[in-house]
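What follows is one structure encoded as structure tokens, with my remarks underneath.
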Amino acid sequence: MGDMAADLLRGSTSFEDEEEELQEREKRASLAELWDQENLEFVLADPKGRAVIHRILSKCGVFTASFQGENTHTTAWLEGRRSIGSEILLDVLTVQRNVDILMRNEDEDRQRQIGARYD
């Protein structure tokens, strides 16, 4: 049992203590989110970083339909992958608006250069 729960059972935790602990947790969560955003900004600042992110999004099926007709299990599996990719894309667009267009254009240029598609 956590310390806070044990304190509550004993009745020794005040409202102020609980409020302080909640504020501390929110502060840590905000700092972690800021850290993640800064790291993502660093990755997106480089064409190679954008290429990696675009490749991950492609593998997740973000740019394609997940529906597989009668095969509901495959559709559900593909939709799960797509859901993760959508979360990543939302994080990316939160950090740098419209970078998805840049990544797609860079990917098309890469594909023209190598003459292959790897989706």
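Every number in this text was worked out from the coordinates using simple rules, so none of it is lab data. Since the structure is predicted, the reported quantities are computational estimates derived from the model, not experimental observations. Counting neighbours? That spans all protein chains shown, and the Cβs are built from the backbone with ideal geometry, glycine included.
Key figures
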item	result
Flag if residue 69 is surrounded by 13 or more Cβ atoms within 10 Å (Cβ to Cβ), on the phi > 0 side of the Ramachandran plot and not in a helix (DSSP H, G or I)	no
Those residues of region 72-96 which are part of a helix (DSSP H, G or I) and in contact (Cβ under 8 Å) with a residue 40 or more places away in the chain, in sequence order	91, 92, 94, 95
Residue within region 110-118 that is in contact with a Cys (Cβ under 7 Å, 6 or more places away or on another chain) and part of a helix (DSSP H, G or I) present	no
